[in-house]
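Just below is one structure, and these are the notes that go with it.
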Amino acid sequence: MSSLSSSKLTIAVYLAVIIFMAFGGTMLYLSRPEPTTITINPPVPTGTNAPTTTPGPILVYVTGAVILPESTYELPFGSRVQDAIAAAGGFADSANKTLVNLAGILRDGDQIHVPSVDEHDLGLALPTPSGGELLRINRASEQELLLLPGVGPALAGRIVAYRDEIGRIDSFAELDKISGIGEATIAKWQDLIAFD
C-alpha cells in the first residue's frame, strides 16, 4: 500500500509541477511587453533651385581700322562693340568713328568692321551692328534670346518651351500668347526678330 500511495504522490507531484510550469509559461506569455513599432519618417524634401544657364564666352572677328585688325577675340557674353574694339587695341588713326555703334551688343560669331575715313564704298563700310542681325526666333537659344530688350532667363525659358510645344512661332501674335510678352514688348521687337 505504501508503495502505491508513494507512486500516487509522485504522480501528483509531477502533475502539480507540470500544471505549475504550464501556468507559469502562460502567465509569462501573456505578460510579455507589446512589441515596439518603429516608424522612420523620411526628411521633408527641400526645394532645389533650377539650374541657371551661364552663358559662355563669345568669339568675334574684328576688321578694319583698328590697331590689331583681322583677328578673332574671345569676349564675355553680353559684351558690346566697344569691348571688341578695345580687345583689338583700339581705333587706328584712320578710323571713321561716326559709323561705329559702340553700344551695339555682340553675339557669338559677329564681325565688327571699323571703316576708315578714306573708304568710299559705303556699301562695304557698314556700321557695326547695333544689336547684331535679326534674331531668328525659331532657332535662337535661351542665351541668344537674352539679347532681346526686356528678356531675362525666365522669359527666355518660356519662349523656348512655347516654341518646343507648338513646333514653330510664325508671328508676333503667337509671341503675344506667352506670359510676360505684351504689346509694349512686341513694339520693341518689331525690327529685331525674324520668323524664318
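The values are calculated or read from the model by the stated rules, or taken from the named source; none is laboratory data. Since we're looking at a predicted model, the values are computed, not measured. Cβ: placed from backbone, ideal geometry, glycine included. Neighbour counts: every protein chain shown.
For beta carbons closer than 6 Å, sequence separation of 6+ or different chains, a first residue in the stretch 19-46 that is free of Cβ contacts under 8 Å to residues at least 24 places away in the same chain and a second that is polar (S, T, N, Q), there are no qualifying pairs. Of the residues making up the stretch 106-127, those that are of a type in the set (A, V, I, L, M, F, W, C), modelled with pLDDT of 80 or more and out of contact with any strand residue (DSSP E or B) (no Cβ under 6 Å at 6 or more places or on another chain) number 1. Could we say that G90 is at pLDDT 75 or above, surrounded by 10 or more Cβ atoms within 10 Å (Cβ to Cβ), in contact with a His (Cβ under 6 Å, 6 or more places away or on another chain) and under 28 Å from E144 (Cα atoms) here? Answer is no for this residue. The single condition among (1) over 21 Å from L106 (Cα atoms); (2) in contact with a Ser or Thr (Cβ under 6 Å, 6 or more places away or on another chain) that G150 does not meet is (1). Scanning the stretch 54-66 for residues that are in a loop (DSSP other than H, G, I, E, B) and surrounded by 13 or more Cβ atoms within 10 Å (Cβ to Cβ) yields a count of 2.
Of the residues making up the stretch 150-186, those that are among the acidic types (D, E) and outside any helix (DSSP H, G or I) are D170, D176. Just the residues that are surrounded by fewer than 16 Cβ atoms within 10 Å (Cβ to Cβ), at pLDDT below 85 and part of a loop (DSSP other than H, G, I, E, B), please, taken from the stretch 128-140. Answer for the stretch 128-140, where residues must be surrounded by fewer than 16 Cβ atoms within 10 Å (Cβ to Cβ), at pLDDT below 85 and part of a loop (DSSP other than H, G, I, E, B): S130, E133, L134, R139. Within the stretch 72-87, the set of residues being surrounded by 15 or more Cβ atoms within 10 Å (Cβ to Cβ) and of a type in the set (S, T, N, Q) comprises S79, Q82.
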